[in-house]
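A.B. asks: The structure follows.
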């Protein structure tokens, strides 16, 4: 079933003009990396509740470092099936079923979010403007709507979502659509960590559940690297790295304690003693590019 969803997601991305790399088959917080006019990292599970906290953290941090967005595609949660046109959430990763994912790719953004209950994003600026045009105070409109003034204030300032029931009441008062489409591909801030590349001026984060072990960037330049690991996995990783740079717009490499080789299947190998002799990020980038030549 999961394999079928992965295939369908890949087909939808291809239909919408995304270049993509499949990372399924590896233990990874994302199964597909895809790029059109933006980078999208997609995790696919039958049950979205199967995404663990650590995997979600890695997906958030990697997407933030690479200036992209993460999304989780599934068919159900533990106790219910996912509905078309509804955005769910798992550890701050937006999620939806295949139908919702297809809608979003086509820029037909959903209007309903579910976190414990169905919620709608209100166009607070429009509501506030129409309230003032009618000469209504916050307190006066709150009384008409049967909600607290504090809740209405939070609606108008985009500080909270509204229940479907409240939205229908508000739309009934103003005789207007007050729903704001949900754009789940918005970028979120990530968390930086100290790595072997920090001293050179890179911002960086560890990727504990990805095909690579760390992600780093310095201005517009981005590096994904595999560090000292089970050497039996290096060849498999190298096959992914060869394909992934164009989609991630990154420079990939292996950072190893010891190696007699300067490359592995076309992927540059940088030794840790070489990094110790470097002083700036651009020196590492130059070394990676030289070993690609």
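A.B. asks: Looking only at the range 186-196, count how many residues are touching a helix residue (DSSP H, G or I) at 6+ places or on another chain (Cβ under 7 Å) and buried (at least 16 other Cβ atoms within 10 Å of the Cβ). Break it down into steps so the answer makes sense when it comes.
C.D. replies: Keep residues of the range 186-196 that are touching a helix residue (DSSP H, G or I) at 6+ places or on another chain (Cβ under 7 Å), which gives 187-191, 196.
Checking the rest, the ones that are also buried (at least 16 other Cβ atoms within 10 Å of the Cβ) come to 190, 196.
Here the count works out to 2.
A.B. asks: In this structure, is residue 70 more than 21 Å from residue 181 (Cβ to Cβ) and either assigned by TED's automatic domain parsing to the domain that holds residue 223 or touching a helix residue (DSSP H, G or I) at 6+ places or on another chain (Cβ under 6 Å) (or both)?
C.D. replies: Numbers: more than 21 Å from residue 181 (Cβ to Cβ): no; either assigned by TED's automatic domain parsing to the domain that holds residue 223 or touching a helix residue (DSSP H, G or I) at 6+ places or on another chain (Cβ under 6 Å) (or both): yes.
No.
A.B. asks: Here's something else I'd like to know. Does residue 164 meet the test of being modelled with pLDDT under 85 and farther than 30 Å from residue 59 by Cα?
C.D. replies: When the stated conditions are applied, residue 164 passes them.
A.B. asks: Within the range 146-155, is even one residue buried (at least 16 other Cβ atoms within 10 Å of the Cβ), within 25 Å of residue 53 (Cβ to Cβ), touching a residue at least 12 places away in the same chain (Cβ under 8 Å) and out of contact with any strand residue (DSSP E or B) (no Cβ under 6 Å at 6 or more places or on another chain)?
C.D. replies: For the range 146-155, residues buried (at least 16 other Cβ atoms within 10 Å of the Cβ), within 25 Å of residue 53 (Cβ to Cβ), touching a residue at least 12 places away in the same chain (Cβ under 8 Å) and out of contact with any strand residue (DSSP E or B) (no Cβ under 6 Å at 6 or more places or on another chain): absent.
A.B. asks: Moving on. Look at residue 182 and say whether it is within 30 Å of residue 129 (Cβ to Cβ), part of a helix (DSSP H, G or I) and not assigned by TED's automatic domain parsing to the domain that holds residue 283.
C.D. replies: Details: within 30 Å of residue 129 (Cβ to Cβ): yes; part of a helix (DSSP H, G or I): no; not assigned by TED's automatic domain parsing to the domain that holds residue 283: yes.
Judged against the criteria, residue 182 is not a match.
A.B. asks: Additional query: Against the conditions (1) more than 16 Å from residue 255 (Cβ to Cβ); (2) assigned to a loop (DSSP other than H, G, I, E, B), where does residue 150 fall short? Just the number, please.
C.D. replies: Just one mismatch for residue 150, condition (2).
The values are calculated or read from the model by the stated rules, or taken from the named source; none is laboratory data. Because the structure is predicted, anything quoted here is derived from the model rather than measured. Cβ sites come from the backbone with ideal geometry, for glycine too, and all protein chains shown count toward neighbours.
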